[in-house]
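Everything below concerns the one structure shown next.
The values are calculated or read from the model by the stated rules, or taken from the named source; none is laboratory data. As the structure is a prediction and not an experimental result, all values here were calculated from the model. FYI the Cβ positions are ideal-geometry reconstructions off the backbone, even for glycines, and counts take in every protein chain you see.
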Amino acid sequence: MKDPIRTFLVDDHPVVVAGARALIEASDDIICVGEAYTGTDALAKIEGTAPDVVVLDVSLPDMNGFFLAEQLVERGFRGHIVVMTLYENRSYVERALQAGAKGFVQKRSVGLNLLLAIRSATLGGLFFDPPTAFEMLTPPEPEMVQRVSAGESELTTREEEVLRLIALGYSNKEIAHRVAVSVKSVETYKARGTEKLNLHSRAQIVHYAVTHGWMPASDAGAAKA
């Protein structure tokens, strides 16, 4: 039997933590190995429990949840991060992706989507719950669409391949291994491709991938080839 997915919860509201823990403990394949109500406490405990997935809120009493995610990555955390928050704005999603999160779940949809996000994260996928996916699929400004269309035909095969993999949640290191090039080459292909398409964030790359048929809209929640 496959080992259960080990999760750690970080939220300053005990009721939210209790609800998320109840969902997790009712599943057959996920367990909760710890919880914290502040970022400082989380940093101390996560190192000792080594969870597969950390589920964290953006708003914590002592530090921003995005900063916490960045701190975990910098300290060598090898698991995955899922953001669970009240905030719905696109900018929060973009910030979560930049911080290294693999999932984004609004608290109003936790009951239906938290377990899906956790499972997707362990597979290396990128998960948006339906409300977030809808926000990310909102058409960009007309001026941006015009500039993107002009650059699309200029992409080389390698640039397109790299951007597709970025949209699907792969890191530069994973992409380098997958397409048999150096990490520096991946960074170069990414820079050239995003410049041609006028894309400035990972969230914009994901939006472009979905709206241009690189990954089906139905898979915007979780996908990794």
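What residue, of 42, 50, 36, is surrounded by 24 or more Cβ atoms within 10 Å (Cβ to Cβ) and modelled with pLDDT of 90 or more?
From the options 42, 50, 36, the qualifying one is 42.
Could you identify the single residue in 73, 145 that is at pLDDT below 90 and farther than 26 Å from residue 29 by Cα?
Working: 73 fails: farther than 26 Å from residue 29 by Cα.
The conditions single out 145.
Of the residues that sit in region 172-210 and are surrounded by fewer than 17 Cβ atoms within 10 Å (Cβ to Cβ) and hydroxyl-bearing (Ser, Thr, Tyr), which one is modelled with the lowest pLDDT?
201
For region 34-89, enumerate the residues that are within 16 Å of the chain's Cα centre (by Cα) and hydroxyl-bearing (Ser, Thr, Tyr).
85, 87
Would you call residue 91 modelled with pLDDT under 90, more than 27 Å from residue 170 (Cβ to Cβ) and of a type in the set (S, T, N, Q)? Walk me through it before giving the result.
Numbers: modelled with pLDDT under 90: yes; more than 27 Å from residue 170 (Cβ to Cβ): no; of a type in the set (S, T, N, Q): yes.
It is false that residue 91 is modelled with pLDDT under 90, more than 27 Å from residue 170 (Cβ to Cβ) and of a type in the set (S, T, N, Q).
Scan region 115-125 and tell me whether some residue there is within 19 Å of residue 95 (Cβ to Cβ), assigned to a helix (DSSP H, G or I), modelled with pLDDT under 75 and not aromatic (Phe, Trp, Tyr). Don't jump to the end; show me each part of the working.
Start the filter on region 115-125 by keeping residues that are within 19 Å of residue 95 (Cβ to Cβ), which leaves 117, 121.
Pick out the ones that are also assigned to a helix (DSSP H, G or I) and you get 117, 121.
Imposing the further condition that a residue be modelled with pLDDT under 75 reduces the set to none.
Checking region 115-125: not a single residue is within 19 Å of residue 95 (Cβ to Cβ), assigned to a helix (DSSP H, G or I), modelled with pLDDT under 75 and not aromatic (Phe, Trp, Tyr).
Condition (residue is among the small types (Gly, Ala, Ser) and modelled with pLDDT under 95) applied to region 79-88: is it met by at least one residue?
Initially, region 79-88 is screened for residues among the small types (Gly, Ala, Ser), giving 79.
Still in the running and modelled with pLDDT under 95: 79.
Yes - at least one qualifying residue is present in region 79-88.
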